[in-house]
Amino acid sequence: MCLAIPVKIIKLKGKMAEVEDSHGQKTVHLALIKRPKIGDYLLAHGDLAISKIDKKEAKEIIKLNQCLSN
């Protein structure tokens, strides 16, 4: 099963963003994201950012994912 995971934008490069998650850093495409900025949290699936989420929601999802993987 594939899930979208929360990531945090650490660098912007045009329509791409370098993001960080619990596994490290990667690059995602921002075609679906309006007005992205450094520090925003996103849901990403593979190399595509799907939507913006707030920090509280991101932390809740991360916590739930950790519980499910144990």
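The numbers here are math on the coordinates, done by the rules we state, and not lab data. What you see is a predicted model, and the numbers here were worked out from it, not measured in a lab.
Taking a cut-off of 15 Å between Cα atoms, list the aspartates and glutamates near residue 55, but don't count ones fewer than 8 places away on the same chain.
Within the straight-line limit of under 15 Å, residue 55 reaches these aspartates and glutamates: 20, 21, 40.
Taking all pairs of different Cα atoms in the range 1-42, averaging 1/r and flipping that mean, what Kirkwood radius in angstroms comes out?
The Cα-based Kirkwood calculation yields 10.5 Å.
Pull out the extension gain between residue 32 and residue 62, defined as 0.36 nm times the separation in residues minus the alpha carbon to alpha carbon distance; nm, one decimal.
8.6 nm
Got a sec to turn the phi values of the range 53-63 into Karplus ³J(HN,Hα) couplings, 6.51 cos²θ - 1.76 cosθ + 1.60 with θ = phi - 60°, whole Hz, x for Gly and Pro?
These are the phi-based 3J(HN,Hα) values: 9, 7, 4, 4, 5, 4, 5, 5, 5, 4, 4 Hz.
Are any of the pairs 15/63; 11/37; 15/56; 13/56 more than 20 Å apart by Cα-Cα distance, and if so, which?
On the way: 15/63 29 Å; 11/37 8 Å; 15/56 25 Å; 13/56 26 Å.
In this structure, 15/63; 15/56; 13/56 lie more than 20 Å apart at Cα.
Counting every Cα pair in the chain, what percent are over 13 Å apart?
Counting every Cα pair in the chain, those more than 13 Å apart make up 60 percent.
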